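The values are calculated or read from the model by the stated rules, or taken from the named source; none is laboratory data. Quantities reported herein were computed from a predicted structural model and do not represent experimental measurements. Because the Cβ atoms are built from the backbone with ideal geometry, glycine has one as well, and the counts that use them run over all protein chains shown. The protein model used for the area step is the full one, side chains on, heavy atoms only, and it has no ligands, DNA or RNA in it. Shrake-Rupley method; radii C 1.70, N 1.55, O 1.52, S 1.80 Å.
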Amino acid sequence: MFTYELTEDFFGWFQLDSETGVVSVKGNPDYDFADLTDHKATVRVKAISTDNSHTSKDFEIVITEADGS
């Protein structure tokens, strides 16, 4: 069994479900944000087991605007 933490959330853009590890967008991202290079954001997720051993992994997320039609 694991629990999860989001240790890098790209300026607060993302949130994580600590039980499932699912990362989702929090709020409305600013697509013109200067640090959003090539529409890519990196988050870091830490998985912690019941014996307190842990590992972390970075994930690159591609951000695109949804078609408003």
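Using the basic label-point model (7 angstrom from Cα toward the beta carbon), what is the Ala34 to Lys57 distance in nanometres?
Using points 7 Å along Cα→Cβ, the separation is 3.3 nm.
Using only the Cα atoms, what convex hull volume per residue in Å³ does the chain have?
Cα-based convex hull of the chain, divided per residue, equals 89 Å³.
Rounding to the nearest 20 debye, state how big the charge dipole of the range 5-69 is about its Cα centre with +1 on each Lys and Arg Cβ and -1 on each Asp and Glu Cβ. Each step should come with its number before you reach the end.
Values: 5 positive and 14 negative charges, 41 e Å.
It comes to approximately 200 debye.
Roughly how many percent of the accessible protein surface of the chain is carbon and sulfur, given a 1.4 Å probe and a whole-percent answer?
46
With every protein chain present, what is the per residue accessible area of the chain (1.4 Å probe, Å²)?
Details: 5120 Å² over 69 residues.
Per residue, the chain has an accessible area of 74 Å².
Treat each spin label as a single point 7 Å out from the Cα along the C-beta direction, and report the Glu5 to Ser18 distance in nm.
Label-label distance for Glu5 and Ser18, simple model: 1.0 nm.
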